[in-house]
Every structure is written in C-alpha cells, then in structure tokens.
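Structure, as structure tokens:
The values are calculated or read from the model by the stated rules, or taken from the named source; none is laboratory data. All values reported here derive from a predicted model rather than from experimental measurement. Cβ sites come from the backbone with ideal geometry, for glycine too, and all protein chains shown count toward neighbours.
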Amino acid sequence: MTSIFEQALTGDLPVDFDQWDLTDQNGWPVAHIAYAAGHLPADFDRWDLINPYFNLVILPEPQETMK
C-alpha cells in the first residue's frame, strides 16, 4: 500500500483528502510535501502549513542501469 506521503509526491491523494497537517518522520506535513511536488489542489486553503522559504528537495527514484 502506498503511503499518504508518497501519494502527496505523485499527486495521487484522494479528491476528498483533508488531513493536510499529518507529518512524516521528518516533521514535514503532507501539505508541504504536496506543495514541493507541485500537487496541491486548486481549492487548497491550509497555507499555514507551507513554508515557502524552505523547500524540500525531491529526488527522482534511482533507475537501474543497463550492464
């Protein structure tokens, strides 16, 4: 099962999602993870959970290299 934090990264949160203040093991709320990945919904209104001055660095998944 995909975690809610992974869903925030990929933009796959449920349309009725409203638990924006849930935090990951590093203390980042779902809202900020979705913001950093560019996946906030148009009607998002919890801007108090976003820190625009400290953005997360989101690295792509490592890809297997061909040998």
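Structure notes:
- Output for the stretch 10-48, where each listed residue is buried (at least 18 other Cβ atoms within 10 Å of the Cβ) and of a type in the set (A, V, I, L, M, F, W, C): Leu13, Trp20, Trp28, Val30, Ala31, Ile33, Ala34, Ala36, Leu40
- Residues being assigned to a loop (DSSP other than H, G, I, E, B), closer than 16 Å to Glu6 by Cα and of a type in the set (A, V, I, L, M, F, W, C) - total across the stretch 22-48: 3
- Val30 vs. criteria aliphatic (A, V, I, L, M) and touching a strand residue (DSSP E or B) at 6+ places or on another chain (Cβ under 9 Å): yes
- Contacts under 7 angstrom Cβ, first residue in the stretch 41-52 being at pLDDT 90 or above, partner surrounded by 11 or more Cβ atoms within 10 Å (Cβ to Cβ) and not in a loop (DSSP other than H, G, I, E, B), 6 or more apart: Arg46/Ala31; Leu49/Pro29; Leu49/Ala31; Leu49/His32
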